[in-house]
Amino acid sequence: MIWLVAEDEADIRMLVATMIQVWGHDTVVFENGQKVWEWLDVVDSSADGVKVPDLILMDIRMPGKKGNELARRMRTMPQMKESPIVLMTAFALSQAERQEMMTAGGVDQIISKPLPDFEQLRQTLHDLVDKKRAEANGSS
C-alpha cells in the first residue's frame, strides 16, 4: 500500500513517514499543501493514471493549501474517491468546523495532535482503510 503524508513540521513528517514504513507501507511525502496541490495537477492530467494513495494523512494548517482544501479537491477526482482522508491538527476545532470538513470536504477522520501512541494510531488508520474498502466493495 501507498500512504500519502503531508505535514509542514519536519519532525512530525519524518516520524509519521517512518512509522508508516515500519508498518510495511510505502509513502509519498510532502512538506506543504502547495506541493500536494501540484501533485494533484499531475494526477488529474495523467492519461495513464498515476497510482493514488491507499490512505491520505494531512495536516490541516500548512503553508500554501490547507488540508481541508486539498481534501475537497481530492473528492472531486474520480480516482481518489475511495481513498480514506485523515486530517491532523494541533488546534481546537469547533463541532461545526469538524462537521464541515467531514461532510463538505469528504474527510473521513480528524485526529488531534499530539498524535495517539504508535499502536493506537496504527490501529485507527488500518481500521479506516479496511472500512473504506468494505464500503467500496459493498457498493459495487
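Comparison of A96, A104 shows that the only residue that is touching a helix residue (DSSP H, G or I) at 6+ places or on another chain (Cβ under 8 Å) and free of Cβ contacts under 8 Å to residues at least 60 places away in the same chain is A104. Which is under 18 Å from W3 (Cβ atoms), part of a helix (DSSP H, G or I) and either at pLDDT 95 or above or touching a helix residue (DSSP H, G or I) at 6+ places or on another chain (Cβ under 9 Å) (or both), of V29, V43? The conditions single out V43.
Could you please let me know if G24 is exposed (fewer than 14 other Cβ atoms within 10 Å of the Cβ) and either in a strand (DSSP E or B) or more than 11 Å from the chain's Cα centre (by Cα) (or both)? Considered against the rule, which asks whether it is exposed (fewer than 14 other Cβ atoms within 10 Å of the Cβ) and either in a strand (DSSP E or B) or more than 11 Å from the chain's Cα centre (by Cα) (or both), G24 comes out as yes.
In the set (1) surrounded by fewer than 18 Cβ atoms within 10 Å (Cβ to Cβ); (2) touching a residue at least 40 places away in the same chain (Cβ under 8 Å); (3) outside any helix (DSSP H, G or I), S83 fails one condition alone, (1).
Listed here are the residues, each with its yes/no results for (1) surrounded by 12 or more Cβ atoms within 10 Å (Cβ to Cβ); (2) outside any helix (DSSP H, G or I); (3) not aliphatic (A, V, I, L, M).
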site	(1), (2), (3)
A92	no, yes, no
Q120	no, no, yes
T124	yes, no, yes
L128	yes, no, no
G138	no, no, yes
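Counting the residues of the stretch 94-117 that are more than 20 Å from N32 (Cβ to Cβ) and surrounded by 14 or more Cβ atoms within 10 Å (Cβ to Cβ) gives 8.
When every residue of the stretch 44-54 is checked against the conditions, none turns out to be surrounded by 17 or more Cβ atoms within 10 Å (Cβ to Cβ), over 17 Å from H25 (Cβ atoms) and among the polar types (S, T, N, Q).
Flag not set for A96, criterion: under 20 Å from V129 (Cβ atoms) and in a helix (DSSP H, G or I).
The values are calculated or read from the model by the stated rules, or taken from the named source; none is laboratory data. Quick caveat, the model's predicted, so the values are computed rather than measured. Positions of Cβ are generated from backbone atoms using ideal geometry, with glycine treated the same way; all protein chains shown enter the neighbour counts.
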